[in-house]
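So the structure is just underneath, and the comments pick up after that.
The values are calculated or read from the model by the stated rules, or taken from the named source; none is laboratory data. Given the structure is predicted, the values throughout are model-derived calculations rather than measurements. With ideal geometry, Cβ positions are generated from the backbone for all residues, glycine too; neighbour counts draw on all protein chains shown. When the accessible area is computed, the model is the full protein with side chains, heavy atoms only, and any ligands, DNA or RNA have been set aside. Shrake-Rupley method; radii C 1.70, N 1.55, O 1.52, S 1.80 Å.
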Amino acid sequence: MSRAAGTSELREALRSVPQFAALPDSALDSLIVDSEQRRFSAGEAILAEGEASDSAYAILKGEVIVTIGAGPDKAALARLAAPALVGEIGALAGLERTAAVTALSQVEALPIDAEVLIDVAARVPRLPLTVVRQLGRQVRNVNRAIGLYTQSLSSLDDKDLDPEILDALAHPAPELAGFATTFRRMADRIREQHLQNAELTSAALIQQALLPGHFDAAPLGGRADFSARMRPARLVGGDFYDIFMLDENRLAMLVGDVCGKGVPAALFMAVSLTVLRLVSGEETELHRIVARANRLLCAQNVGSMFATVFFAVLDLRSGNLEFADCGHNPALHFGAAAAPSPLRAPGVPLGIFPDYPFRLGSVALAQGDTLLIHSDGVTEAEGADGEEYGEARLAAFASGAARASPPEIVEKLFADVAAFAGSAGQFDDITCIVLRRL
């Protein structure tokens, strides 16, 4: 801290500040009296946001940055090079400081007491008029920045991005240069978001293409009817299902759920479904299908991914149903006159232990009996109060829907889960297959 070298020299330095340019010498001398010039090193705070505005600062040498917020929410409003005036609005209006000012280089500044500034403004009306004009320019720039921010935030969810918005963010107008860093960060975020959206859209298309399309019901010969549906919680999900003829008399059905979310889960889902289909085309027995698929999914599984699967095979002649539960939710077996019963054959998910000895379960499906295979998105759906849908509620639903057709059961189940979740919404993929032996 040092005394001013001379009143005349300091007066001329103050006159170079735009807000003080038209002030008479007497007014400038009033600002200088009892004030000591200060020096700030780069990175040192000059004004702190939220503190009392007891003074303004005339920046005579160096460069400062004006910011709002703190931490990750900190945003640059402007970079000011000497000569400049900071903190004058708070000092004149008696408000807390609405922004922080930090030295970007070695700075020399003259503090001006708030009461002195108010006294000079009262005697020389030209000073507050100049301050208001400067404030108007600042407000205009802030409003333009807010408008651009609003457009940019909307663009994060806009599939048809206006390229002019990205250009404005990447190359801001000179008067918005103080926002440049934040603008560039926003532009990069929008580009990244749209790239991710494009990747997710491609992954979703691939995933949907892998799921069963039209099923030729002719091989069923009127011996069974079914319906299946999957609703991902995101653009891409980790659930999958399949239904196909294992041979002319046996119908295979499976529902799976891959650990994780997003693109990694979608990729492992595609691998899991492909492996299960390939192995099912080469093996004839369910225990061999599951064991071999598990070994293939364990091989070079560097990501330690895994998939839970409920795999069932129905003999359309006898009604015998064999099933393997690979760490999945138990399927539900029910009839018009029979209470719902969970089918359990506890096992581990596919992709963890290559030599795990899976054991099969079996049950006889009488004519008119129904099988419901589902993912945990059904039973683990939560209501607004955090309560889960649960197996008991699913069993009660099945009892009430036992006489409905498979397509009607699927439709009603999805509607019932959605109604239960209410405002909590869907947080996990929901998948189910409903089959009835005719």
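The fraction of accessible area contributed by carbon and sulfur in the range 342-438 is 52 percent, rounded to a whole number (1.4 Å probe; ligands and nucleic acids excluded). Averaging the Cα positions of each part gives two centres, and for the range 17-94 and the range 264-307 these lie 67 Å apart. On the range 65-106, 60 percent of the accessible area sits on carbon and sulfur atoms, based on a 1.4 Å probe. Accessible area per residue for the range 308-438, computed on protein heavy atoms with a 1.4 Å probe, is 41 Å².
The GluC sites (Glu not before Pro) of the range 1-91 that meet both conditions, a loop assignment by DSSP and at most 16 other Cβ atoms within 10 Å of the site Cβ, are GLU36, GLU44, GLU51. For the range 378-434, the set of trypsin sites (Lys or Arg not before Pro) satisfying both a DSSP loop assignment and a count of at most 16 other C-beta atoms within 10 Å is given as ARG403. Measuring nothing but protein heavy atoms, the accessible surface of the range 252-328 at 1.4 Å probe radius is 56 percent carbon and sulfur.
Restriction of the trypsin sites (Lys or Arg not before Pro) in the range 276-333 to DSSP coil positions whose beta-carbon has at most 12 other beta-carbons within 10 angstrom yields ARG317. Taking all protein chains into account, the per residue accessible area for the range 1-103 stands at 49 Å² (1.4 Å probe). Using heavy atoms of the protein chains and a probe of 1.4 Å, the accessible area assigned to ILE243 is about 10 Å².
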